[in-house]
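Following: one structure in structure tokens, then a few remarks.
The values are calculated or read from the model by the stated rules, or taken from the named source; none is laboratory data. Since we're looking at a predicted model, the values are computed, not measured. Counting neighbours? That spans all protein chains shown, and the Cβs are built from the backbone with ideal geometry, glycine included.
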Amino acid sequence: MNSINALHSDLARPKILVLGATGGTGRLIVKEALARGFEVRALVRSSAKASGLEGTEVFIGDARDEAVLRKALQGMDAVVSSLGTPVSPFREVTVLSSATSALVSAMKAAGVSRLVCITGIGAGDSAGHGGFVFDRLILPVLLRKVYADKNRQEAIVRGSGLDWVLVRPSVLNDKPARHEIRALTDLSGFHGGTIARADVANFVLDQVHTNTWLGRSPLITW
């Protein structure tokens, strides 16, 4: 059985499963993890989605399928979830919470305890700190259903009993990494902000083997 102790005994080359590896941030997580010498496994929906994931062990399957997740978790030390979902102004969104619920059960069965999960600014108690346009227009008009599911996802992680970190990036951009990240839990006076996906990838991978933010939900921004 894998445990956090086993993970800490082999910090140089942790084995991680990445969910959402084909998204904009997920691909950078995979790239940076490989550059750090991690062993990386990615769960993707189809072989067509696996293009560009060279150097990664690819599992094909639905992230909401607990049986698939259990297989993908064998031999892993930690999970990084960068699952996303398209904008859905009218239809209910459940994929994030459904996949996370299945993931928690599968991780417990496989004895994998470390989970680093990306949600976003606007989730949980970071609501109302995204800046005027995000808070008054983008979130309520375009992302209301998505963020309702992100909140369900966060609640599942918090109640999981795993060694978890919830990472809430501010508004994402595709600029080069600055390697200068602010990680905040006290959001008084904070409104708005942006951060490069590459910096998110770096921060997330740091949480695989450090306990600084264990059991907490930092908002990360420039």
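Test Leu142 against the criterion of being touching an Asp or Glu at 6+ places or on another chain (Cβ under 6 Å) and more than 19 Å from Ile16 (Cβ to Cβ), and give yes or no.
It is false that Leu142 is touching an Asp or Glu at 6+ places or on another chain (Cβ under 6 Å) and more than 19 Å from Ile16 (Cβ to Cβ).
Restricting attention to the stretch 29-54, report how many residues are of a type in the set (Gly, Ala, Ser) and either touching a residue at least 24 places away in the same chain (Cβ under 8 Å) or surrounded by 18 or more Cβ atoms within 10 Å (Cβ to Cβ) (or both).
The total comes to 5.
Any residue in the stretch 79-98 that is touching a residue at least 60 places away in the same chain (Cβ under 8 Å) sitting within a Cβ distance under 9 Å of a residue that is among the acidic types (Asp, Glu)? List the pairs, counting only those 6 or more apart or interchain.
Matching pairs, first to second residue: Thr85/Asp149.
Among Val87, Val68, Val104, Val40, which is among the β-branched types (Val, Ile, Thr), at pLDDT 95 or above and either in contact with a Lys or Arg (Cβ under 8 Å, 6 or more places away or on another chain) or not in a helix (DSSP H, G or I) (or both)?
Val40
Just give me the residues in the stretch 21-37 being among the basic types (Lys, Arg) and either outside any loop (DSSP other than H, G, I, E, B) or under 17 Å from Cys117 (Cβ atoms) (or both), in sequence order.
Arg27, Lys31
If you take just the strands (runs of 3 or more DSSP E) that sit entirely in the stretch 162-222, which of them hold at least 2 residues that are in contact with a Ser or Thr (Cβ under 6 Å, 6 or more places away or on another chain)?
The strands (runs of 3 or more DSSP E) meeting that bar are 163-169, 171-173, 194-196, 219-221.
Among the residues in the stretch 147-160, are any in contact with a strand residue (DSSP E or B) (Cβ under 8 Å, 6 or more places away or on another chain) and of a type in the set (A, V, I, L, M, F, W, C)?
Scanning the stretch 147-160 turns up at least one residue that is in contact with a strand residue (DSSP E or B) (Cβ under 8 Å, 6 or more places away or on another chain) and of a type in the set (A, V, I, L, M, F, W, C).
Considering only the stretch 121-132, state which residues are in a loop (DSSP other than H, G, I, E, B) and crowded, with 19+ Cβ neighbours inside 10 Å.
Ile121, Gly122, Ala123, His129, Gly130
Listed residues Pro218, Pro176; which is of a type outside the set (Val, Ile, Thr) and either in contact with a strand residue (DSSP E or B) (Cβ under 6 Å, 6 or more places away or on another chain) or modelled with pLDDT under 95 (or both)?
Criteria check complete, one pass: Pro218.
Would you check which residues across the stretch 25-57 are farther than 22 Å from Ala67 by Cβ and among the polar types (S, T, N, Q) and list them?
Correct list: Thr25, Ser51.
Right, Asp135: without any contact (Cβ under 8 Å) to a residue 60 or more places away in the chain, surrounded by fewer than 22 Cβ atoms within 10 Å (Cβ to Cβ) and charged (D, E, K, R) or not?
Answer is yes for this residue.
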